[in-house]
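Handing you this structure, nothing more for now.
The values are calculated or read from the model by the stated rules, or taken from the named source; none is laboratory data. This structure is a prediction, so every number in the text was calculated from the model and none was measured. Cβ placement follows ideal geometry from the backbone for every residue including glycine, while neighbour counts extend to all protein chains displayed. Ligands, DNA and RNA are excluded from the accessible area calculation, which covers all protein heavy atoms including side chains. Shrake-Rupley method; radii C 1.70, N 1.55, O 1.52, S 1.80 Å.
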Amino acid sequence: MKTQPQDKRAFAGFPKLANRVLATRDEEIIRYWMDKLKPNSFRLLRSDPYLAPYSDAIIGRYKYQFWKEHELTKDSGSLSEMASGYNYFGLHFDKSAQTWTLREWAPNATKIVLIGTFNGWQESDEYAMTRLGDNGVWEIVLPADKMHHEDLYKLKIYWNGGEGERIPSYADRVVQDEQTKIFSAQVWAPERPYRFRNKMFKPSVDPLFIYECHIGMATQEEKVGTYEEFRVNVLPRVRRLGYTAIQIMAIQEHPYYGSFGYHVSNFFAASSRFGTPDELKHLIDDAHGMGIAVIMDIVHSHAVKNEVEGLGNFCGQPDQYFYGDGRREHPAWDSLCFNYASNEVLHFLLSNCKYWLDVYNFDGFRFDGVTSMLYRNHGLGQDFTGYGDYYNGNQDGDAICYLTLANKLIHEFKPSAITIAEEMSGMPGLAAPIEDGGIGFDYRLAMGIPDYWIKLLKEKRDEDWNTTDIFWKLTDHRRDEKTISYVESHDQALVGDKTVIFRLIDSDMYWHFRIGDENLAVHRGIALHKMIRLITMATMGGGYLNFMGNEFGHPEWIDFPREGNGWSYKYARRQWDLLDRDDLNYKFLNQWDCDAVHLLQSVHKYSESPIIPIWDNRGDHVIAFERRRLLFVFNFDGQRSFTDYGFLCRMADYKLVLNSDDPKYGGFGNVKIGEDEVYRPQPDPMYEADGKGWLKLYIPARSVLVFKRMVSDGEKD
């Protein structure tokens, strides 16, 4: 007898019924509904007719992740229950039984012995692990007195034809010996573990302002900074600036400090070079107490090749976690690529996502290297100029399936969590809901914007800038997907590149950045730095990101200690003292950023509001647009200030709320107006029916003015 689904609603609604169908565990019902999926089942396909030729690929990826979820959860009941590997594998202490239990997945191992400081790093039968069945899981149970807090340990693994010392794959604490530079797992079981105080925190995403940061280089001193120093010294700065989230890089343990945390060895261990797990939890808790969300830069796109510290050849089986063929090594990153087709690998990575949310109370993730995951060629050497470039057989369906399930798991376990994709190809649907046919990210980074600013600054004089082109580049994104806009992240600050402030001013920052001693290059740089950042911020399509220090024009570049620079920390730090000095211009840029962020934060659902073009005169380099009650007027002309410059806008009273020419922002103070003064458009009979008039302004060269439209009592915004 043919099985029929109980719900008789239109098949177009099926994606929203997916969880209910999946919960039946009846494969015949699931197959029935899968067969009914059509292009009109998904909003992504309904809203973009240009995707119609590729509907099979989009429907296919949805079906694949659906079946994979069924396969992974048929015994556990849900993704969240399934992705709890960290509660089973790794080292755990049972208080009631007063025992230590360590479990490991090592299917190719023939023998495993636990070694560490507790047994003089010597093998003995007492510390030999036992294989449980034929699924490759090994276990050892020890009395409480056999291991202690801060003991160091490893696994000595044997396999046919070889042996090696390994750090357990689920180790939650890994430390490096200062003398030998050798990494080991460490028992972390303090008598009084840290307890979170701010348990009910939910991120503010209206809009989302992200302060990208790196714990180690957030210190003034020429050294590696700590979680504690960041908590005490940097978090208050972030709060004063008004950012609603910090995005922390390099959390997962990595052997080489200079990798910026992108060559991960131990996926469940918070980097010990910055401090202890409890200190990281304290940092996160304090951030929540300040209303700041904490997003983790998670690296699941590849892993370090190291075998002793990492997973590269864990038990004599190179393809245990990674591809075993020509796809094993990433051709550009000197790293290993996960085999996303393996259910065991999916379990490991999904458990890793849940672990950071559960144990450390992170508020979400910025997934690194998503472009590399989406395509079998990692997107290398490929131009994405049309939809056909996304669906030409180069898609990595297994990686796309993993990313979709990761997003589903994260939002299932923590509905308020934030997920951001670092992706440059523009894959349609990446930041669309899964039930709409998307991959499920909340945001995608607008990676083309910083590239555009760099190209503009490198290749064109100010007088050749095209305001129409600027506005189009900043607002060109899919309307059904939220983006994070930014002028520069850490990428643009690395040695060999230049930050925006350095491209604008260069070496004159060293000699003419003292207040009163500025030259023309410095004045130009200060003015454009403020304008570039504000127009990027003001046109955001969901959120805005800034790398720490760039808000005040941090000089120079980032260069981690390495042989080529004599292992120096000189450029792997932030010079906060420059900002705190009263005689330097850095304080003006910082105040500008602070006031701009607070202004946009004060507008309800700012990033969801439409951007309404008001004026664009390429000859004058003047552009104006409206968003909610804010009116932005930019004059990019470097020579001409305009008197009584007029353009049409709605008839209302306007107050000047932000002025880049104000002396408190390093401006010249040419716009002189009282705080209570009101601007009123001049009526014009031709436009009276449209409710518009001519707003006449004095607009200094290289400046931006922001006005707030006043509303009467009872008037809707």
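What GluC sites (Glu not before Pro) does the stretch 90-128 have in DSSP loop regions with at most 15 other beta carbons within 10 Å?
Working: sites: Glu104, Glu123, Glu126; in loops: Glu123.
Loop-located and lightly packed - Glu123.
I would also like to ask the following. For the chain, compute Rh as the Kirkwood radius over C-alpha pairs and then the Stokes-Einstein diffusion coefficient at 20 °C and 1.002 mPa s; write the answer in µm²/s, rounded to an integer. Each step should come with its number before you reach the end.
Working: Rh = 27.9 Å.
Answer, rounded: 77 µm²/s.
Quick one: which residues, 5+ away or cross-chain, put their amide H under 5 Å from the amide H of Arg562? H built at 1.01 Å from N.
It is Trp567, Ser568, by chain and number.
Right, another one. How far is the Cα center of the stretch 441-508 from the Cα center of the stretch 641-717, in Å?
Cα centres, the stretch 441-508 to the stretch 641-717: 27 Å.
Check the straight Cα-Cα distances from Lys95 and name the lysines below 16 Å, setting aside those fewer than 8 residues away within the same chain.
Lys146
For the chain, take the longest principal axis of its alpha carbons; what is the angle in degrees between that and the long axis of helix 277-289, to the nearest 10 within 0 to 90?
That helix lies at roughly 30 degrees to the long axis.
Please list, in chain and number order, the residues 5+ apart from Arg173 or on another chain whose amide H is under 5 Å from its amide H, with Hs placed from the backbone.
Gln186
Mind checking the stretch 349-401 for chymotrypsin sites (Phe, Trp or Tyr not before Pro) that DSSP puts in a loop (not H, G, I, E or B) and that have at most 15 other Cβ atoms within 10 Å? Don't jump to the answer; show the numbers that get you there.
Values: sites: Tyr355, Trp356, Tyr360, Phe362, Phe365, Phe367, Tyr375, Phe384, Tyr387, Tyr390, Tyr391; in loops: Tyr360, Phe362, Phe384, Tyr390, Tyr391.
Counting only loop positions with at most 15 other Cβ atoms within 10 Å, the chymotrypsin sites (Phe, Trp or Tyr not before Pro) in the stretch 349-401 are Phe384.
Still on this structure: Suppose accessible area is computed on protein heavy atoms with a 1.4 Å probe; arrange Arg166, Arg239, Arg650 from highest to lowest.
Values: Arg166 15, Arg239 125, Arg650 100 Å².
From most exposed to least exposed: Arg239, Arg650, Arg166.
DSSP loop (so not H, G, I, E, B), at most 14 other Cβ within 10 Å: list which trypsin sites (Lys or Arg not before Pro) in the stretch 7-102 pass both filters. Could you put the intermediate results ahead of the total?
Details: sites: Lys8, Arg9, Lys16, Arg20, Arg25, Arg31, Lys36, Arg43, Arg46, Arg61, Lys63, Lys68, Lys74, Lys95; in loops: Lys8, Arg9, Arg25, Lys36, Lys74, Lys95.
Here the trypsin sites (Lys or Arg not before Pro) that fit, given the DSSP loop and packing criteria, are Lys8, Arg9, Arg25, Lys36, Lys74, Lys95.
Please enumerate, by chain and number, the lysines with C-alpha under 18 Å from the C-alpha of Lys692, excluding those fewer than 8 residues away in the same chain.
Output for Lys692: Lys655, Lys708, Lys716.
Moving on. Quick one: of Lys154/Lys199; Lys408/Lys482; Lys199/Lys414; Lys458/Lys530; Lys38/Lys68; Lys16/Lys199, which pairs are farther than 23 Å apart, Cα to Cα? Can you show the working numbers first?
On the way: Lys154/Lys199 34 Å; Lys408/Lys482 17 Å; Lys199/Lys414 12 Å; Lys458/Lys530 18 Å; Lys38/Lys68 20 Å; Lys16/Lys199 30 Å.
Among Lys154/Lys199; Lys408/Lys482; Lys199/Lys414; Lys458/Lys530; Lys38/Lys68; Lys16/Lys199, the Cα-Cα distance tops 23 Å for Lys154/Lys199; Lys16/Lys199.
Here's another thing I want to ask about it. Over the Cα atoms of the stretch 191-254, compute the convex hull volume and normalise it per residue, giving Å³.
136 Å³
Compute the convex hull volume of the Cα atoms of the stretch 339-431, divide it by the residue count, and report the result per residue in Å³ as a whole number.
Numbers: hull volume 8.3 nm³, N = 93.
Hull volume normalised by residue count: 89 Å³.
Which distance in nm do the two modelled labels at Arg514 and Asn233 give, with both placed 7 Å along the Cα-to-Cβ direction?
Spacing of the two 7 Å Cα→Cβ label points: 2.6 nm.
Would you compute the Debye intensity of the stretch 617-717 from its alpha-carbon atoms alone, equal scatterers and no solvent, and pass along log10 I(q)/I(0) at q = 0.12 Å⁻¹ to two decimals?
After summing over all Cα pairs, the log10 values are -0.40.
Please list 3J(HN,Hα) in residue order for the stretch 465-475, calculated via the Karplus relation 6.51 cos²θ - 1.76 cosθ + 1.60 where θ = phi - 60°; whole Hz, with x for glycine and proline.
Those phi angles translate into 5, 10, 5, 4, 5, 4, 4, 5, 4, 6, 10 Hz.
Here's something else I'd like to know. Can you list residues from other chains, or at least 5 along the same chain, whose modelled amide H is less than 5 Å from the amide H of Ala701?
Ser641, Phe642
How far is the Cα center of the stretch 188-251 from the Cα center of the stretch 80-132, in Å?
The two parts, judged by their Cα centres, are 32 Å apart.
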